[in-house]
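Report on one structure; see the data block that follows.
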Amino acid sequence: MLFATPPTDNPPRRDNSLGRLLVAAAGLYFFVAPWSELFVVGGMRSSRLLGMLVLLMAGLALLLRRTVVLAQFHRRLLLFYAWAFWTTAWAINPGLAAFGFWIMLKGLLLLLAVWQISHQPRDYDRYLDLFVAGFIVSLLLTLPGPVAEIFNRATPGAMRFSGSLANPNVYAQMIAITLPLSIVRLRSSTDPRVRLCHGLFLALGIVAVLGSGSRGGLVCMVFALGAMFLLERDNRLRGFVLAGVVAVGLLAASGLLPISTAALERLGTLGQELTEGTWSSRKPIWEGGLQVLLDNPLLGVGLSNFNLALAPLFGEAKAAHNTYLDIATETGLIGLTLFLLAFAALYRRVTLLAHLGNPGARIAFFTLCISALGTGHGHSQLTYCLLALMFGLGWVPRAAAASAYPAAAEDGSAPEPAGPADSAEPAGVRALHSRHHA
């Protein structure tokens with residue numbers, strides 16, 4: 001049987017050498033993804049090599065499992081992707097739609113491959129550690145400083161900081177989404193190297209968001225850090241987060257941090273844009289997108305064809321700057337419904353983890369949803385990395401989930417019978433702690 005739903009949430013355990021090799025390959029992907037756009041290897045950007053790695057991992061994962069293990073989130077995503085593929089039949093530019101689908105397909109294969117090959121919850125902790133370490137590498141290589149000078153990669157001081165990406169808004173929001181996951185890992189790990197890594201990311205990440213001049217990134221970061229401060233039960237960590245934010249703010253105000261005046265001035269216009277502005281001229285684009293949606297409500301104009309659909313209205317191609325509007329306009333209300341159903345399955349999963357005492361994945365999920373209001377996420381490999389982490393970090397044994405939060409334990413398959421170790425009331429909390437301290 002090619003497709004299967006396991007009796008529990010987790011993929012079947014397989015500890016052979018191929019499985020360990022694939023877990024290492026997935027870890028390499030998470031580490032390289034945040035800075036892959038900075039380097040060219042053999043005439044190709046590192047990001048293209050990562051795309052080849054995803055295809056290889058997906059093929060070997062199928063060979064390893066000999067079955068495709070799908071959770072509800074994956075099944076709903078597959079439905080959305082199937083519909084998105086069919087939109088190429090009526091797209092304004094079918095070739096552009098097919099190219100956009102190929103880019104998105106690599107992201108889907110990453111989600112499926114990581115889920116297939118990662119059979120232990122601690123695998124996802126390591127992926128998160130490596131993902132954060134990759135972000136630190138990209139920050140050190142691009143923030144003005146000695147490391148950036150060695151590699152000649154620093155963003156000029158008069159410009160907005162964009163890290164390893166061409167778009168400073170996307171880079172800042174990716175950092176903001178990662179912060180809640182990183183803060184929980186900082187609290188739960190007993191390894192000093194891991195704590196140092198995530199502590200450094202917290203400080204550098206705040207600096208990078210401020211230096212990007214991204215107002216959307218600032219909103220997402222304030223939401224993520226504020227929610228973590230309010231929901232975290234560890235007073236020492238709450239104090240650390242607060243001290244870090246205050247210290248970075250004071251250093252930025254004093255001019256000691258590599259944050260350009262232009263970026264700070266742009267952030268200062270946030271209040272005006274919220275109350276009376278047009279969000280950097282995005283409001284007319286959104287109004288145009290709604291008009292295109294009303295003209296093609298069910299089927300849309302075809303994947304990756306938003307720019308072409310708006311060209312007659314503006315005289316030039318325009319990006320959507322809104323993931324929901326982008327999906328609705330290109331795949332119609334049918335596609336948007338399928339997309340939201342998939343995200344509902346992900347929300348159900350991260351909510352389970354929050355009820356077990358770990359709010360990081362749920363806050364990251366809400367931060368991603370807020371970010372999607374002002375940014376298009378469909379073609380960013382970092383978005384798929386974060387989706388894989390949020391879904392995997394929400395993996396807990398079904399019996400423990402049923403003990404702690406019965407309503408969230410169902411995922412479309414029969415519950416796992418509770419064994420002797422899972423019958424006690426604190427089973428969910430015990431499972432969570434054992435996973436984080438593994």
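Starting from residues that are farther than 15 Å from Ser189 by Cβ and in contact with a His (Cβ under 8 Å, 6 or more places away or on another chain), keep the ones in the range 108-133 and report whichever is surrounded by the fewest Cβ atoms within 10 Å (Cβ to Cβ). Walk me through it before giving the result.
Going through the range 108-133, the residues farther than 15 Å from Ser189 by Cβ turn out to be 108-120.
This time we only want the ones that are in contact with a His (Cβ under 8 Å, 6 or more places away or on another chain), so: 111-112, 115.
Working: Leu111: 20, Leu112: 22, Trp115: 23.
Among those that are farther than 15 Å from Ser189 by Cβ and in contact with a His (Cβ under 8 Å, 6 or more places away or on another chain), it is Leu111.
Here's the yes/no breakdown for (1) in a helix (DSSP H, G or I); (2) hydrophobic (A, V, I, L, M, F, W, C):
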{"residue": "Leu60", "(1), (2)": "yes, yes"}
{"residue": "Phe73", "(1), (2)": "yes, yes"}
{"residue": "Arg76", "(1), (2)": "yes, no"}
{"residue": "Ala84", "(1), (2)": "yes, yes"}
{"residue": "Thr88", "(1), (2)": "yes, no"}
{"residue": "Ala91", "(1), (2)": "no, yes"}
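Here is a check on your reading of the model: is Gly376 over 12 Å from the mean Cα position of the chain (by Cα) and buried (at least 24 other Cβ atoms within 10 Å of the Cβ)?
Values: over 12 Å from the mean Cα position of the chain (by Cα): yes; buried (at least 24 other Cβ atoms within 10 Å of the Cβ): no.
So Gly376 does not fit the description; no.
Could you list, in sequence order, the residues of the range 62-71 that are surrounded by 17 or more Cβ atoms within 10 Å (Cβ to Cβ) and in a helix (DSSP H, G or I)?
Hits for the range 62-71 are Leu64, Arg65.
Could we say that Arg266 is closer than 28 Å to Leu310 by Cα and modelled with pLDDT of 80 or more here? Reasoning before the result, please.
Values: closer than 28 Å to Leu310 by Cα: yes; modelled with pLDDT of 80 or more: no.
No: the conditions fail for Arg266.
Looking at Val429, is it at pLDDT below 50, β-branched (Val, Ile, Thr) and either in a helix (DSSP H, G or I) or out of contact with any helix residue (DSSP H, G or I) (no Cβ under 7 Å at 6 or more places or on another chain) (or both)? Let's see the steps before the verdict.
Details: at pLDDT below 50: yes; β-branched (Val, Ile, Thr): yes; either in a helix (DSSP H, G or I) or out of contact with any helix residue (DSSP H, G or I) (no Cβ under 7 Å at 6 or more places or on another chain) (or both): yes.
Yes, satisfied.
Quick one: count up the residues across the range 173-193 that are surrounded by fewer than 22 Cβ atoms within 10 Å (Cβ to Cβ) and in contact with a Lys or Arg (Cβ under 7 Å, 6 or more places away or on another chain).
Taking the range 173-193 first, the residues surrounded by fewer than 22 Cβ atoms within 10 Å (Cβ to Cβ) are 187-193.
Applying the additional criterion that residues be in contact with a Lys or Arg (Cβ under 7 Å, 6 or more places away or on another chain) yields 189.
Residues meeting the conditions: 1.
Being free of Cβ contacts under 8 Å to residues at least 12 places away in the same chain and within 18 Å of the chain's Cα centre (by Cα) narrows it down to one of Val222, Val209, Val246, so name that one. Even if it seems obvious, please write down each step before you answer.
On the way: Val209 fails: free of Cβ contacts under 8 Å to residues at least 12 places away in the same chain; Val246 fails: within 18 Å of the chain's Cα centre (by Cα).
Every option except Val222 fails the conditions.
Looking only at the range 348-357, decide whether some residue is in contact with a Gly (Cβ under 7 Å, 6 or more places away or on another chain), buried (at least 16 other Cβ atoms within 10 Å of the Cβ) and part of a loop (DSSP other than H, G, I, E, B). Step through it out loud before you land on a result.
The initial filter retains those residues of the range 348-357 that are in contact with a Gly (Cβ under 7 Å, 6 or more places away or on another chain), namely 349-350, 352-353, 356.
When the remaining residues are screened for being buried (at least 16 other Cβ atoms within 10 Å of the Cβ), the result is 349-350, 352-353, 356.
With the extra rule that they be part of a loop (DSSP other than H, G, I, E, B), the set shrinks to 356.
Yes, the conditions are met somewhere in the range 348-357.
Which one is nearest to Ala84 (Cα to Cα), of the residues in the range 295-325 that are charged (D, E, K, R) and at pLDDT below 90? Break it down into steps so the answer makes sense when it comes.
We begin by selecting, within the range 295-325, every residue charged (D, E, K, R); these are 295, 316, 318.
Next cut, at pLDDT below 90 only: 316, 318.
Numbers: Glu316: 24, Lys318: 20 Å.
Result: Lys318.
Taking the conditions exactly as written (over 13 Å from the mean Cα position of the chain (by Cα), in contact (Cβ under 8 Å) with a residue 24 or more places away in the chain and crowded, with 22+ Cβ neighbours inside 10 Å), does Leu387 satisfy them or not? I'd like the intermediate steps shown before the answer.
Working: over 13 Å from the mean Cα position of the chain (by Cα): no; in contact (Cβ under 8 Å) with a residue 24 or more places away in the chain: yes; crowded, with 22+ Cβ neighbours inside 10 Å: yes.
No; evaluated as a whole, the condition is false for this residue.
Each row is one residue, and each column tells you yes or no for (1) outside any helix (DSSP H, G or I); (2) farther than 20 Å from Gly95 by Cα.
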site: Gly289; (1), (2): no, yes
site: Pro312; (1), (2): no, no
site: Lys318; (1), (2): yes, no
site: Ala328; (1), (2): no, no
site: Thr331; (1), (2): no, no
site: Ile363; (1), (2): no, yes
site: Thr367; (1), (2): no, yes
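The values are calculated or read from the model by the stated rules, or taken from the named source; none is laboratory data. Predicted, not measured: the structure shown is a model, and the values here were computed from it. Here Cβ is always computed from backbone atoms with ideal geometry, including for glycine, and neighbour counts include all displayed protein chains.
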